[in-house]
1. When you scan the stretch 11-32, how many residues do you find that are surrounded by 10 or more Cβ atoms within 10 Å (Cβ to Cβ) and of a type in the set (D, E, K, R)?
2. Which numbered condition in (1) at pLDDT 85 or above; (2) charged (D, E, K, R); (3) loosely packed, with under 10 Cβ neighbours inside 10 Å is the only one that Lys82 fails?
3. Among what's in the stretch 45-66 and is surrounded by fewer than 10 Cβ atoms within 10 Å (Cβ to Cβ) and assigned to a helix (DSSP H, G or I), pick the residue that is modelled with the highest pLDDT.
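The values are calculated or read from the model by the stated rules, or taken from the named source; none is laboratory data. Here the structure is a predicted model, which means the values were calculated and not measured. So basically every Cβ, Gly included, is an ideal-geometry build from the backbone, and we count neighbours across all protein chains shown.
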Amino acid sequence: MKKFLKILGRLAVIGAAVAGGVAIYKKYFAPEDAFDDLDEDLDDDFDEDLDTAGRGYVSLNAAEEAAEDIKEAAKDVAEDVKEAAKEAAETVADAAEDVKKDLTE
């Protein structure tokens, strides 16, 4: 058990030393200007995409119009449901009368 703990401790010390070495290298020796041109490249790409000549007009009232369309559709659906419920009730009533007749015979 002691041997295992010694090996584990030595591995932890070696790992900490390697991590410290990598951190020191990145802080003092690694080139820092690797991503400086990135912002300039992105700005150039976006400038090309901002051509507004081909865009059309978009109504700001589109949400209100969509809400009105949804309300009308909901009214139509409600009317259809009412008619279907009436037909179902009539069918159930007819079936109940038929069952009543069969039971009385």
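1. Number satisfying all stated conditions: 1.
2. (3)
3. Top of the filtered list is Ala63.
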